[in-house]
Every structure is written in C-alpha cells, then in structure tokens.
Amino acid sequence: MTDQDLTEDIEAALKSLSLDSSTTPLNPQAIQTLATASRQSPAIRQQLSDPSILKTLIETIETSLISDLQTTDLALRCLANASIDNDSARENISTLGFSWALQALSSDDATIQILTTKVLNNICCDHEGAQKACYKDRVHYALLRFLDSKVAREMPMVNKLAGDLDGAVDVLFWVSGQKAALEEKLAEPLPRDVLSGVLGLYELWTEDWDVETFATLSETMLVWLRDEVVQKQVIEEHRFAGVWRLLERQEGVIEELRRAQRQVDEDGARPLPPYCETGEPEEDQKLLVPLQASLVWCLSDIAAQPAFSKEYSWSGEEMQFLIHTIQAAGDSARDQRRSLYPAEYANMSATGQNFNAACQILGNLLWAQQQPQDYASLVKQVELYKDLIDIIALSAFSTTFPDALHSIAGLLVQLSRPSIEAPKA
C-alpha cells in the first residue's frame, strides 16, 4: 500500500466515523485503520477529537461489547489515543458521558476491563473536568468493583509490575479526590459491594510493589473513611476490624522502612522486603506517616459515634485486640511477657500508632457507656491502668506523636470513672 493509499484510507475512515451512526452501518475496518494510524500521528489524534467521531466511537463500544469484542478493543484504543495530550478530546468525551466505561468495566472479558482502565487514565490524567465527570457518573464505583474482582485480586505479580492495575488505581485516586468538591458528605450510603471494595483496597498491595502505590491506596481509602455516612456503615456492618487491619499494615511497612534506614545487617537478621531495596526508605516513610496519623483520627471518630457503643462492647471478642495491644505495650515497657494475649502481639510497644489508636478507641468506647460500673473489671481484674501508668513512668511512649500522651491520659480518665482504686494507684 502506498502512502497515498494509506492517506485515502484514513480520510475515508474519518469520514465514515463522522457520519450519523444511527443511519449509517458501523465500519469496523475504519476503526481498525484509525486505531493503528493514531498511535503515531498527532494530527490524526487531533482529528479524532471531533465530537461526532468520539460519539460514534462511544456508541461502537457500547454496541460491540455484546458480540464483537475485537471492535470494542479497537474503539477503546481510538479513545485512548485521541486523549493523549489533547484537552479538547477529553472535554468532548466528558460531555458525552462515561456510560461506556461503566459497561466496559462490567464486561466478562478481563482484557477489555484492563484496557478500559488505561483509556480512563489517558482521559483523566491532569484533567479535573474529566475526573469530576467520572465522579458524577459513578465511575469510581465501577473501578472499585473491578479492583475487588477475581481478575484484580488474583492477577499475577508480573502483570501488576507491568502496570495492568496502575490505570485503575490512579484513576480511582483522582476521581475519589473530587469527592470533597462535589459531595463532601454522601447523600446515601455506598452500595455494599462498593464498601467492600473500599475496605479491601490495601489488600491489593504486596511487598513487591512500591510504597507509593500503597500510599495511593491508603489515601483513596481515607477519602471515604472520613465521611460520616461511610463511618456509620462500617459500624452497622461490623467492618471496624477491617479498617484496623489497614492501620496494622501501615505500621508494619513503616517499621520495615525504619529498619532499612538503620541498615540492620547483623548476622541472622531477616531480609528486608523488596520495597525497602528498590525504594527510598526515608522518603517512603514520609509518605505513610501522615496517612497513618489521619487513619488514627478516622478510627477515633468512628468509635466516637453513638452507634459504635451499641454495636460493639469493650468486652466483646471483636474488641479484644484493643486490650491486647495495650497489655503488650505495657509488657514491652517493663521488658516482660505475660500470657495474657496471643503471640502476635508480643513485639508491640507504645511507640507505634497502633497503641495510640487503641487508647483513643477504647477511651471513646468507655466514654459512651451509660453505666461505668459495667466495665469496672478493666480496673479491678484486667488492671489496664497499670500498663498505662507504667508506660508513662518509663517514658515508653513515642514523643513523635504529639497526641500520644493525651490519648493515654484520656483513657485513664475513663478508667477512673467506675472505681476509686484507679486514681489512687
């Protein structure tokens, strides 16, 4: 084929797509021609930004999803190419809406789903208008469902490292970031499967991935966990322990980054995880520390809601991790080990945010009790106040967290309510 023939084919393809698709049959060959040519040609990409052509491409995606995924693939690639450094195309696509993306992300074909996230990445990158349009069309719901699906959760690490989830993770982060401007407080609760997607985001991350991705996933979760409507859902659906596990995961990563900074390499030391070897531990730690502090406040806010004390009891099995965390921190301060808690708590101390959060949450939970004598056993039998006082006396808490001493004092105040023995001690 000569250059002239190719030019004529491209012109014919553009003309074909600019016609009214409701009266003119779709031409898959035209879409294939433009998908190939637009990869290299900025001029053709610019021509693809024409509203009538974009409309035809979007209609093609929606109609071909049922029976012709090859055409769907090509039309998606045309949209992606049209959006490269082209705000005009992005604005036109945003005006046309993102129903096509919702349908493509719901496809049973994993290749189409992943390609759709990459197309959305091209459209939304550094374009606030497209991000807001995606939020209004609830594209973030579809992305959360995709990231919570078997396709994403069982994706081989080699595919993750190749970027197959980057599009979904980044677009979800950008679109969720528009919540504050468009919907500071949700008008209605999240669908249950969407809430599960939010709370499970951090589980996508593995040690082979970089810390920046973990920070992105954490911040995306925080966008939703700061909303009191979502906080109420977490309480009502008994998902609080799932939020706590994010805090534990953050604590574990931060501790490994600190270990990498100390350059511990004595004989027998366990190997550092891959993210410590490939990243910059000091900078990575700076990313996570403020996110972890924000999560502590979210957990505290959830525990302060009136509904929390109705759904959770300090003596219930679901809340025992709070008491175990404080007991283990007390033992670490005294350099001892009691058999009061499971072995996985043995290395916990009062220098981590887990301890700080446990004090705040338990303090809020006890504060909500109408009859303080109901938890007198925490003073008389568990003697939790002794752990707290020893931590203060031995300066075992971290001065890195300005609110650590405040959290300890607040819990001691609540523990002193049902018994005159605690303040005497």
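The values are calculated or read from the model by the stated rules, or taken from the named source; none is laboratory data. These figures come from a predicted structure and were not determined experimentally. Cβ placement follows ideal geometry from the backbone for every residue including glycine, while neighbour counts extend to all protein chains displayed.
Below are the figures for this structure:
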read-out: Failed item in (1) free of Cβ contacts under 8 Å to residues at least 24 places away in the same chain; (2) out of contact with any Asp or Glu (no Cβ under 8 Å at 6 or more places or on another chain); (3) in a helix (DSSP H, G or I); (4) not aliphatic (A, V, I, L, M), with residue 341 passing the rest; value: (3)
read-out: Among the candidates 255, 277, 283, residue that is out of contact with any Cys (no Cβ under 6 Å at 6 or more places or on another chain), touching a residue at least 24 places away in the same chain (Cβ under 8 Å), in a helix (DSSP H, G or I) and charged (D, E, K, R); value: 255
read-out: Counted residues, the stretch 58-87 - those being touching a Leu at 6+ places or on another chain (Cβ under 6 Å), more than 21 Å from residue 146 (Cα to Cα) and not aliphatic (A, V, I, L, M); value: 2
read-out: Cβ pairs under 6 Å, 6+ apart, first in the stretch 298-322 and over 20 Å from residue 248 (Cα atoms), second crowded, with 17+ Cβ neighbours inside 10 Å and β-branched (Val, Ile, Thr); value: 307/235; 308/235; 311/235
read-out: Matching option when the condition is buried (at least 23 other Cβ atoms within 10 Å of the Cβ) and more than 27 Å from the chain's Cα centre (by Cα), among 104, 82, 133; value: 82
read-out: Members of the stretch 146-193 that are within 25 Å of residue 93 (Cβ to Cβ) and assigned to a loop (DSSP other than H, G, I, E, B); value: 149, 163, 164, 165, 177, 178, 183
read-out: The listed residue being surrounded by 14 or more Cβ atoms within 10 Å (Cβ to Cβ), within 18 Å of residue 78 (Cβ to Cβ) and within 19 Å of the chain's Cα centre (by Cα), out of 120, 172, 165, 143; value: 120
read-out: Set 93, 61, 53, 66: member being over 30 Å from the mean Cα position of the chain (by Cα) and crowded, with 22+ Cβ neighbours inside 10 Å; value: 53
read-out: Residue among 262, 245 that alone is within 24 Å of residue 317 (Cα to Cα) and free of Cβ contacts under 8 Å to residues at least 60 places away in the same chain; value: 245
read-out: Selection status of residue 186, of a type in the set (A, V, I, L, M) and within 16 Å of residue 289 (Cβ to Cβ); value: no
read-out: Of all residues in the stretch 360-397 being assigned to a loop (DSSP other than H, G, I, E, B) and over 25 Å from residue 247 (Cβ atoms), the one that is modelled with the highest pLDDT; value: 383
read-out: Filtered residues of the stretch 40-87 (kept if outside any helix (DSSP H, G or I) and either touching a Gly at 6+ places or on another chain (Cβ under 9 Å) or not hydroxyl-bearing (Ser, Thr, Tyr) (or both)); value: 40, 50, 65, 66, 68, 84, 85, 86
read-out: Flag for residue 327 being part of a helix (DSSP H, G or I), surrounded by 15 or more Cβ atoms within 10 Å (Cβ to Cβ) and out of contact with any Ser or Thr (no Cβ under 7 Å at 6 or more places or on another chain); value: yes
read-out: Test for residue 234: is it in a helix (DSSP H, G or I) and free of Cβ contacts under 8 Å to residues at least 60 places away in the same chain; value: no
